[in-house]
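Novice: Okay, here's the structure, questions in a sec.
The values are calculated or read from the model by the stated rules, or taken from the named source; none is laboratory data. Note that the structure is a prediction, hence the values are computed from the model and not measured. Using ideal geometry, Cβ is built from the backbone for each residue, glycine included, and neighbour counts are taken over all protein chains shown.
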Amino acid sequence: MSTLNTARHAKAATELENGNGPLVKLLLQEKVLTDRQVEYAARVRNKLETPRPLLEVLKELDLINDDQIKKAVKDSRMPMCIGSILMEMGYIKPDDLQRAFGIQKSEKKGYKIGEILLEKGFIDEQLLLEVLSVQLGFSQVEPEFTRIDPKLFSRAPARWYETHDVIPLQKQDDGILIAFADPLDKQDLEAVKQVFGDKFIAAVARRNAIKLAVGKCHSSNLKQDISASDENAIIRLADELLLAAVQRDASDIHIEPLKDCMRVRFRQDGMLIHFQDFPAKILPALTNRIKVLCEVDITEKRRHQGGRFYFDYPGGHVDLRVSFYVTVNGEKIVLRLLNRKSVLLDIKDIGLPGKIQQRFLEDALCLPSGIILITGPTGSGKTTTVYSCINHINDPQTSIITAEEPVEYVIDGIAQCSINPKINLTFEETLRHIVRQDPDVIVIGEIRDQFSAEIAVQAALTGHKVLTTFHTEDSIGGLVRLLNMNIEPFLIASSVVSIMAQRLLRRICPHCAAPYKPTAADLQRIGYSAHDIGDAHFQKGRGCGHCQYTGYKGRVGIFELLILDEQVRNAIIAQKPSHEIREISIESTGLITLLEDGLVKAAAGQTTIDEVLRSLPRLHKPRALPELQRLLEGSA
Ligand SMILES: [Zn+2]
């Protein structure tokens, strides 16, 4: 069989030298091209000084286009050798393909040509995927993060999927969606036909992603056998889930009842990622186990509940805050992993650009009094910033006191209070007492209403430094919110020192980062013309084992710092509309907007343009990159 294949490929290789590869043959067979057209293109090609693939010449002569190729591949469903196609497109050299065939012949049975080309480095996996998806029209899927129908999966043993590098995903209207590492491979296609029938839609995925998904489904299928009455198995499962979340550095675990299964998802780097599905019948037992851990009422199933517990594991422990929320399908449990990293970041390490950091320290944090506001939505890193600020000003001469909900890091030398409404230790009550503690610095976890805003303003006006957070889109939004809380404009103008808005964007995975050229559409979305970019080094992660094929690993902080100067204060007192205050801030205080800081960090290859456009408010047209880089550079 393999000798026959090799002989056929060798023949294909010589044919290619003359012109016809599998795609051109297919196009002839499907009557998209005629023999005369191909002969003409071959003559044109022979006159070229530098050799070019025939397919490219055919495209350039307008005899064929990409859509026609995609349609022919789709309509014919003809198996083809991916190696020959790559050669036909000019992506690999005939010699390399011959060597790959040689390896296939001499090494283990069933070693696929696509696999060899990848392993021996003859081709890059991203390119292979692009050829299959962009040029040949197979849709690209991420089986690791897709919900896989366990019934479909159980049609074949795990080993069979591993041999063929395929995995079924879901039943769709027009057939079963199946992910292939090589959707053109004859043997894999035949095998899939036997198990799933003729009616399937072939999609393409990374070989490793398929293997990972197969492994995951296999182990989850084994868990179908967990009995809800086997207490030890449930305890083990709870521990396994917690440990998996810790290992993945997840911030939250979502355990949710769906109609016919129990779904577990993790929030990693701010994105919710599907982990595993389990049989629905074990949810009540698992819920009980978690309720026992956080010592809440296990018989109460009709009301929302909340609790906390510690989880000890080999090498560490984690504090978990748990919420049980009653849904129509049963209780949904969310576990937040607190103080995951007990390392406190130095203010210099949170990601503030040099000049901004210098200004923040000199003109805000190190002033003796006034309100320093950190704003942003949940999960934007506000708490980390506040803690690094506290850490920066913490010294034996300073009295620092906090009211937090809850305390997330314990810092030595600081009087930290965790709000606990259960025992009537409310925010209001705590804030009333806080000023009587003779503090220099007051940290209020969050300004949530007029009362806490008034306390903050009063404390600042009486000579205290107040650090607090706020839920607003951007820095100017923070000012507007305060104004809307019926705080007198002159009080705001004389108490607020600075407002820093922030976000966390996903950082490009360093293991699979590759240069990226912004498309015309990207530029249009940003509002840039080509020369606004300067010599930026945009990047994009291709996806690899290190980042679970997301292309992202870890996060990067994006900041917008507003220091209130005379002109901004006057604008507040005059109650100017927010867009005017924004204009004044940008012109007079050198404010760099969130979008601008994001673009600068994307241009430095830290995050992607997609991430910037997805997460940052676009309230103002960004200035050109070279100008921004000039504004942000500086010695710190
Ligand atoms: Zn990666």
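Novice: Looking only at residues in the stretch 290-329 that are part of a loop (DSSP other than H, G, I, E, B) and among the charged types (D, E, K, R), which one is nearest to LEU242 (Cα to Cα)? Full working, then the answer.
Specialist: First, the residues of the stretch 290-329 that are part of a loop (DSSP other than H, G, I, E, B): 294-304, 314-315, 328-329.
Narrowing further to those that are among the charged types (D, E, K, R): 295, 297, 300-303.
On the way: GLU295: 17, ASP297: 21, GLU300: 23, LYS301: 22, ARG302: 25, ARG303: 24 Å.
For the stretch 290-329, the residue satisfying everything is GLU295.
Novice: Could you tell me which of the residues ILE487, ILE476, ILE499 is at pLDDT 90 or above, part of a loop (DSSP other than H, G, I, E, B) and more than 16 Å from the ligand (Cβ to nearest atom)? Reasoning before the result, please.
Specialist: Values: ILE476 fails: part of a loop (DSSP other than H, G, I, E, B); ILE499 fails: part of a loop (DSSP other than H, G, I, E, B).
Checking each option against the conditions leaves just ILE487.
Novice: Picking from LEU136, LEU237, LEU152, which residue would you name as being in contact with a Lys or Arg (Cβ under 9 Å, 6 or more places away or on another chain) and closer than 30 Å to LEU293 by Cα? First the steps, then the outcome.
Specialist: Details: LEU136 fails: closer than 30 Å to LEU293 by Cα; LEU152 fails: closer than 30 Å to LEU293 by Cα.
When all the criteria are applied, what remains is LEU237.
Novice: Going through ALA536, ALA530 one at a time, which residue ends up being loosely packed, with under 14 Cβ neighbours inside 10 Å, closer than 30 Å to LEU127 by Cβ and aliphatic (A, V, I, L, M)? Quick ask: steps written out before the conclusion?
Specialist: Numbers: ALA536 fails: loosely packed, with under 14 Cβ neighbours inside 10 Å.
Among ALA536, ALA530, only ALA530 is loosely packed, with under 14 Cβ neighbours inside 10 Å, closer than 30 Å to LEU127 by Cβ and aliphatic (A, V, I, L, M).
Novice: Could you go through the stretch 578-587 and let me know if any residue there is buried (at least 18 other Cβ atoms within 10 Å of the Cβ) and touching a strand residue (DSSP E or B) at 6+ places or on another chain (Cβ under 7 Å).
Specialist: Taking the stretch 578-587 first, the residues buried (at least 18 other Cβ atoms within 10 Å of the Cβ) are 581-582, 584-585.
In the following step, the residues that additionally are touching a strand residue (DSSP E or B) at 6+ places or on another chain (Cβ under 7 Å) were identified as 585.
Yes - at least one qualifying residue is present in the stretch 578-587.
Novice: Criterion first (assigned to a helix (DSSP H, G or I), among the hydrophobic types (A, V, I, L, M, F, W, C), modelled with pLDDT under 90 and surrounded by fewer than 22 Cβ atoms within 10 Å (Cβ to Cβ)) does LEU152 satisfy it?
Specialist: Working: assigned to a helix (DSSP H, G or I): yes; among the hydrophobic types (A, V, I, L, M, F, W, C): yes; modelled with pLDDT under 90: yes; surrounded by fewer than 22 Cβ atoms within 10 Å (Cβ to Cβ): yes.
The answer is yes for LEU152.
Novice: Do you know which residues across the stretch 596-616 are assigned to a helix (DSSP H, G or I), in contact (Cβ under 8 Å) with a residue 60 or more places away in the chain and either aromatic (Phe, Trp, Tyr) or crowded, with 19+ Cβ neighbours inside 10 Å (or both)?
Specialist: Result: ASP597, GLY598, LEU599, VAL600, LYS601, ALA602, ALA603, ILE609, GLU611, VAL612, SER615.
Novice: Would you mind finding the one in ALA250, ALA205, ALA244 that is modelled with pLDDT of 85 or more, out of contact with any Gly (no Cβ under 6 Å at 6 or more places or on another chain), under 30 Å from LEU136 (Cα atoms) and not basic (Lys, Arg)?
Specialist: Numbers: ALA250 fails: under 30 Å from LEU136 (Cα atoms); ALA244 fails: under 30 Å from LEU136 (Cα atoms).
ALA205 is the lone residue from the list that is modelled with pLDDT of 85 or more, out of contact with any Gly (no Cβ under 6 Å at 6 or more places or on another chain), under 30 Å from LEU136 (Cα atoms) and not basic (Lys, Arg).
Novice: Hand me the list of strands (runs of 3 or more DSSP E) wholly inside the stretch 353-436 holding 2 or more residues that are under 30 Å from the mean Cα position of the chain (by Cα) and either under 16 Å from VAL466 (Cβ atoms) or not assigned by TED's automatic domain parsing to the domain that holds PRO617 (or both). So that I can check it myself, show each step before the final result.
Specialist: On the way: elements: 370-375, 400-404, 415-418.
Fully inside the stretch 353-436 and qualifying: 370-375.
Novice: Search the stretch 509-520 for residues being away from the ligand (no atom under 11 Å from the Cβ) and surrounded by 13 or more Cβ atoms within 10 Å (Cβ to Cβ), and hand back the single one that is nearest to GLU142 (Cα to Cα). Walk me through it before giving the result.
Specialist: From the stretch 509-520, those away from the ligand (no atom under 11 Å from the Cβ) are 515-520; that's our starting set.
This time we only want the ones that are surrounded by 13 or more Cβ atoms within 10 Å (Cβ to Cβ), so: 516, 518.
Numbers: TYR516: 21, PRO518: 24 Å.
Of everything passing the filter in the stretch 509-520, TYR516 is nearest to GLU142 (Cα to Cα).
Novice: Step by step: first the residues of the stretch 537-565, then only those that are assigned to a loop (DSSP other than H, G, I, E, B) and at pLDDT below 90, then the one that is nearest to the ligand (Cβ to nearest atom). Which residue is that?
Specialist: First, the residues of the stretch 537-565 that are assigned to a loop (DSSP other than H, G, I, E, B): 537-538, 542-544, 548-551, 564-565.
Subset that is at pLDDT below 90: 542-544, 548-551.
Numbers: ARG542: 7, GLY543: 6, CYS544: 4, GLN548: 8, TYR549: 7, THR550: 7, GLY551: 6 Å.
Checked the stretch 537-565; the qualifying residue nearest to the ligand (Cβ to nearest atom) is CYS544.
Novice: If the requirement is being free of Cβ contacts under 8 Å to residues at least 60 places away in the same chain and either closer than 26 Å to VAL326 by Cβ or buried (at least 18 other Cβ atoms within 10 Å of the Cβ) (or both), which of these qualifies: ILE235, ILE253, ILE210?
Specialist: ILE235
Novice: Still on this model: Just wondering, is there one or more residues in the stretch 521-531 that are hydroxyl-bearing (Ser, Thr, Tyr) and within 16 Å of the ligand (Cβ to nearest atom)?
Specialist: So the first thing to find is which residues in the stretch 521-531 are hydroxyl-bearing (Ser, Thr, Tyr), and the list is 528-529.
With the extra rule that they be within 16 Å of the ligand (Cβ to nearest atom), the set shrinks to none.
Taking every residue of the stretch 521-531 in turn, none turns out to be hydroxyl-bearing (Ser, Thr, Tyr) and within 16 Å of the ligand (Cβ to nearest atom).
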